[in-house]
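Here the structure is laid out as structure tokens; the discussion comes afterwards.
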Amino acid sequence: MKLYCDLHIHSALSPCGDDDMTPQNIVNMAKLKGLDAIAVTDHNSCENTAACVEAGKRIGLMVIPGMEIQTREDIHALCLFSSVDKALSFQDYVYKNMPEIKNKEELFGRQLILNSKDEYMGTCERMLLTSTLISFDDACYAVCNMGGAFIPAHIDRDGFSVITSLGFMPPNSNIKTVEYHTMEGLYRLIKMKLINEDYRFIKSSDAHYLGDISEREMYINVESFSLESIIKKLNS
Ligand SMILES: [Zn+2]
Ligand SMILES: [Zn+2]
């Protein structure tokens, strides 16, 4: 069955995410757009994951627990998990391997922690918009070891992509799905033989504002509407 989804959305926890990117606003907008599932993928953190999953459950929208990690090499990758607990364990690992720097709100923006009813629960103090000390390969290994899916993000963008940071796509048998930003950008990389066509290519919004969440356009074929089934597909 076809599952229409947007697997790369930032909440108000990401300093660059709009303060209106609250759990309820995100899931309601995704529902309005006709999506079946979304992933909330904040920079180096999952502090709003449980709230978004819960808000999604209330309106019948599947929310995949996730994070957008920034590796030691300045590469962004989506890390998607089949449960909130797994996402939070991964967050522990990431937090232990991040420089202890405080966020500068006035420079980078607020990092809001909210509950599933959009109530303010606090602010994440650590600077999330920074590289972790975890390498691309180690991050991939850790995610896959926890049964998750590791998806290099916006590979055709000029910044924070595996191609711009390393100059090539490292061979890694655990990576089956790759995210692109524009079709033109993806074709360019394929034409330049910087990436082969064997991957599953997905397009997500990387939304930082509500209006940017994807329309009902991109889908993946899954056996059933379950988190496990989606992760399995992304890893096959
Ligand atoms: Zn990114
Ligand atoms: Zn992003």
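Derivation of every value follows stated rules applied to the coordinates shown; laboratory data play no part. Fair warning: this is a prediction, and the values are worked out from it, not measured in the lab. In this analysis, Cβ positions are derived from the backbone assuming ideal geometry, glycine residues included, and neighbour counts consider all displayed protein chains.
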>> If a residue must be within 13 Å of ligand 1 (Cβ to nearest atom), outside any loop (DSSP other than H, G, I, E, B) and either among the basic types (K, R) or crowded, with 23+ Cβ neighbours inside 10 Å (or both), how many such residues does segment 146-167 contain?
In response: 3
> Across segment 177-236, what is the total count of residues that are more than 24 Å from H10 (Cβ to Cβ), small (G, A, S) and part of a loop (DSSP other than H, G, I, E, B)?
Replying inline: 3
> Going through segment 202-215 one residue at a time, which ones are away from ligand 1 (no atom under 16 Å from the Cβ) and either among the acidic types (D, E) or surrounded by 14 or more Cβ atoms within 10 Å (Cβ to Cβ) (or both)?
Replying inline: L210, E215
> If you take the residues in segment 122-141 that are over 26 Å from A12 (Cβ atoms) and part of a helix (DSSP H, G or I), which one is nearest to ligand 1 (Cβ to nearest atom)?
Replying inline: F136
>> For the condition on the phi > 0 side of the Ramachandran plot and touching a strand residue (DSSP E or B) at 6+ places or on another chain (Cβ under 8 Å), what is the one hit in F150, F160, F136?
In response: F160
> Pick from D6, D36: which is within 16 Å of ligand 1 (Cβ to nearest atom) and in contact with a strand residue (DSSP E or B) (Cβ under 6 Å, 6 or more places away or on another chain)?
Replying inline: D6
>> Return the residues of segment 18-33 that are under 13 Å from G211 (Cβ atoms) and either within 16 Å of ligand 1 (Cβ to nearest atom) or aliphatic (A, V, I, L, M) (or both); say none if nothing qualifies.
In response: D18, M21, I26, M29, A30, L32
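Look at segment 18-53 and say how many of its residues are of a type in the set (S, T, N, Q) and in contact with a Pro (Cβ under 9 Å, 6 or more places away or on another chain).
Qualifying residue count, segment 18-53: 2.
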